[in-house]
Amino acid sequence: MASTRSYWRWSKQDFLPEESFQTWTNYTSALSQTWFRFKNRLTSRSDDETETTQLRKQSENEMKRCLSWWDLIWFGFGAVVGAGIFVLTGEEAHDTVGPAIILSYAVSGISAMLSVFCYTEFAVEVPVAGGSFAYLRIELGDFAAFIAAGNILLESIVGTAAVSRSWTSYFTSLLNKPKNSLRIKTGLKDGYNLLDPIAVVVLAAASAIAISSTRKTSYLNWIASAVNTLVILFVIIAGFVHADTSNLTPFLPFGAKGIFQAAAIVYFAYGGFDSIATMAEETKNPSRDIPIGLVGSMSMITVIYCLMALTLSMMQKYKDIDTDAAFSVAFQSVGMKWAKYVVAFGALKGMTTVLLVGALGQARYTTHIARSHMIPPWFALVHPKTGTPINATLLITISSACIAFFSSLDVLSSLLSISTLFIFMMMAVALLVRRYYVRGVTPRENLLKLVAFLLLIIASSMGISACWGINPNGWIGYTITVPIWFLATLGMSLVLKQQRDPKVWGVPLVPWLPSISIAINIFLMGSLDSSAFIRFGICTGVMLIYYFFFGLHATYDMAHQQEKLQNENKIKQMETMENAGP
């Protein structure tokens, strides 16, 4: 699939090749057909062949298959284990849940594992760079995939900026300098008045490594993750040596509600594993390597997080845990003041690997989104020598660097949380659709039943979340919502026959595990404050404006161009068969 054209090119055709954007007349004509085109894209669905073969041609050059299960396990570790465990554990143990923080990590770990199962089945059967975007295009259609794409890009840009800002903070701590001393103070509005050039440099370095070679990035990730693992082992072992089990009493000072409130927050210490699914296109043996890489790394991380949470809870009473530097202060309290530098170094290493693996995964998401023409296809190009999507990497890096340089990102942190949960919930829905519906095979009657069961599962999950939010100690609401969820899932299991069996690796206990994943993700979404939903609504509104003025028309033209090519190929095949006949 190698291209003879130069990689570095900037013509209008590279950014806006679709018929709708060739002239103003064409564009106004396209806008006048917006409702018709929207109905078309709302009901249209892609397929495995299109995503794995046809769309990949848009990149002109192939990504290099160079990753094994060993690489994916350490990519998983590097993508997930960052500063979150060091920061969130102390905050939630002190303010929300107490020593039961270990249960919060266990609940979040189980929820994350359910999402991992869904991602793994899709990644094995549809091994492309698009991850959840490609999977949702196949099962839920173009419009649902666009909403996911907007949230993926938002997460990528803002999340990367947030981690790079945190990198500066921990670097400052490691140097034993005052907070914000390495940032440039300006007269701008609060929240935007501390410029962070170090964050920009770190982002540029991670991007340069990711662009150079996927294989080299994997080697560096091994080294950094190995160092980070040693720091974590030190924290766990040294913590247990100085542990006092009396600090675990009272175990539930804030009641059971605290466990789930904290779980909604610490859940995001597990974020990043979806980046591994985007590397399926560069994996040597996806059917073997992806399940081992995804499930193996997440299992290891869940155990590590629970042990670190237990360590902290046994070193100090929950009331004495410092919310800003929990592990550092805990070690100081047992006479190990020097350990704060080890903790800061570990957090710094963790954030470095998060940025490194993030630069890989986010660029591959972006590449596949561009292959479908939801954003300009120029970002889909893969460089012939490096085998990496340089343009897509630069898009995420430059956007993140601009935000990281100016913004403290306090306002956007909860927005990232709701975007992540929303996509994970949609992935569980998509998996159920994949198992129970096949176009041209499933009777319409069964399709309607499937839709009804899915709506009941989602609505009852929202009801459970609402009951918890309104009155955590009440029980009447649960007597209605929980049975509806249970009966809808049971009905799907008994009434509908699965239309598709996994080829190699599949989620066990379908529909129960995906249904539980839907319920947990919606429940955790409901634990977030109302401001997160307001920001989510505003951002979704902005995405829809973009979609109706650009994305809709670009993807419509792209889809019909593909249909035209397919029809032409069929005609040529028929003519060839006729000419070859007697």
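The values are calculated or read from the model by the stated rules, or taken from the named source; none is laboratory data. As the structure is a computational prediction, the values presented were derived from the model and not from experiment. All Cβ positions, even for glycine, are placed from backbone atoms using ideal geometry, and neighbour counts span all protein chains on display. Surface areas here come from the heavy atoms of the whole protein model, side chains and all, with no ligands, DNA or RNA. Shrake-Rupley method; radii C 1.70, N 1.55, O 1.52, S 1.80 Å.
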**Fill in**
With 0.36 nm assigned to each residue of separation and the Cα-Cα distance removed, Gln562 to Ile223 gains 117.7 nm
**Prompt:** Do you know the relative contact order of the chain, to the nearest whole percent, from alpha carbon pairs under 8 angstrom that are 6+ apart?
**Reply:** 27
**Complete:** In degrees, nearest 10, the alpha-carbon axis of helix 390-406 is tilted away from the dominant principal axis of the alpha carbons of the chain by 40
**Asked** If you stretched the chain out fully between Arg65 and Ile184, how much longer would it get, using 0.36 nm times the residue separation minus the C-alpha to C-alpha distance?
**Response** 38.5 nm
**Asked** Considering only protein heavy atoms, what is the solvent-accessible area of Thr96 at a probe of 1.4 Å, reported in Å² to the nearest 10?
**Response** 20
**Prompt:** Taking the Cβ of Val429 as the center, what net charge do the other residues with Cβ under 13 Å away carry, scoring Lys and Arg +1 and Asp and Glu -1?
**Reply:** +1
**Asked** Excluding Tyr318 itself, what net charge comes from residues whose Cβ is under 13 Å from its Cβ, given Lys and Arg +1 and Asp and Glu -1?
**Response** -4
**Carbon plus sulfur fraction of accessible area for the chain, probe 1.4 Å, in percent** = 66
**Complete:** If exposed means chymotrypsin sites (Phe, Trp or Tyr not before Pro) lying in a DSSP loop and surrounded by at most 10 other beta carbons within 10 Å, then the longest stretch of the chain lacking such sites spans residues 11-337
**Gain in span if fully extended, Lys257 to Ala204, counting 0.36 nm per residue against the direct Cα distance** = 14.9 nm
**Request:** Can you run the Rg to Rh ratio on the chain? Use alpha carbon positions and the Kirkwood inverse-distance Rh.
**Result:** 0.98
**Item:** In nm, spacing of pseudo-spin labels at Glu49 and Leu494 (7 Å Cα→C-beta vector)
**Value:** 3.9
**Prompt:** According to a simple spin-label model (label point 7 Å from Cα along Cα-to-Cβ), what is the distance in nm between Met300 and Tyr192?
**Reply:** 4.3
**Prompt:** Relative to the Cα centre, what is the charge dipole magnitude of the chain, using +1 at the beta carbon of each Lys and Arg, -1 at the beta carbon of each Asp and Glu, and rounding to the nearest 20 debye?
**Reply:** 480
**Complete:** For the range 53-115, shape from the Cα gyration tensor axes a ≥ b ≥ c, cut at a/c of 1.5 then a/b versus b/c, turns out prolate
**Prompt:** Starting at 0 and stepping by 5 Å, how many percent of the alpha carbon pairs of the range 427-484 end up in each bin?
**Reply:** 4, 17, 22, 17, 13, 11, 9, 5, 2, 0
**Prompt:** Given charges of +1 on the Cβ of Lys and Arg and -1 on the Cβ of Asp and Glu, with all other atoms neutral, how large is the dipole of the range 316-455 about its Cα centre, in debye to the nearest 20?
**Reply:** 540
**Item:** Positive dipole terminus of the range 197-354, leading residue within Thr278, Tyr341, Leu310 (C-beta point charges)
**Value:** Tyr341
**Asked** Which value, in debye to the nearest 20, gives the size of the charge dipole of the range 3-87 about its Cα centre, when Lys and Arg are +1 and Asp and Glu are -1 at the Cβ?
**Response** 220
**Request:** Rank Thr28, Ser207, Ala238 by how far each Cα sits towards the positive end of the charge dipole of the chain (+1 on Lys, Arg Cβ; -1 on Asp, Glu Cβ) and give me just the farthest.
**Result:** Ser207
**Request:** Report the calculated FRET efficiency for Arg5 and Asn471 (r = Cβ-Cβ distance, R0 = 60 Å), to the nearest 0.05.
**Result:** 0.45
**Request:** Take the Cβ-Cβ distance between Ser287 and Thr25 as r, set R0 to 41 Å, and report the resulting FRET efficiency rounded to the nearest 0.05.
**Result:** 0.25
**Complete:** Taking a ≥ b ≥ c as the square roots of the eigenvalues of the Cα gyration tensor, with a/c under 1.5 meaning rounded and otherwise prolate when a/b exceeds b/c and oblate if not, the range 121-241 is oblate
**Fill in**
For the chain, the charge dipole (Cβ of Lys, Arg +1; Cβ of Asp, Glu -1; about the Cα centre) points to a positive end, and the Cα of Gln58, Pro291, Thr43 closest to that extreme belongs to Gln58
**Asked** Rounded to the nearest 500, what is the chain's calculated 222 nm mean residue ellipticity when only DSSP H runs of at least 4 contribute -39500 (n - 2.57) each, over all residues?
**Response** -22500 deg cm²/dmol
**Asked** Net charge near Thr160, counting Lys/Arg +1 and Asp/Glu -1 over other residues with Cβ under 15 Å of its Cβ?
**Response** -1
**Asked** According to the square roots a ≥ b ≥ c of the eigenvalues of the Cα gyration tensor, what is the shape class of the range 74-167, taking rounded for a/c under 1.5, prolate for a/b larger than b/c otherwise, and oblate for the remainder?
**Response** prolate
**Cα-projected label distance for Asn40 with Phe240, points at 7 Å along beta-carbon direction, nm** = 6.3
**Item:** Accessible area expressed per residue, the chain, with surrounding protein chains retained (probe 1.4 Å, Å²)
**Value:** 41
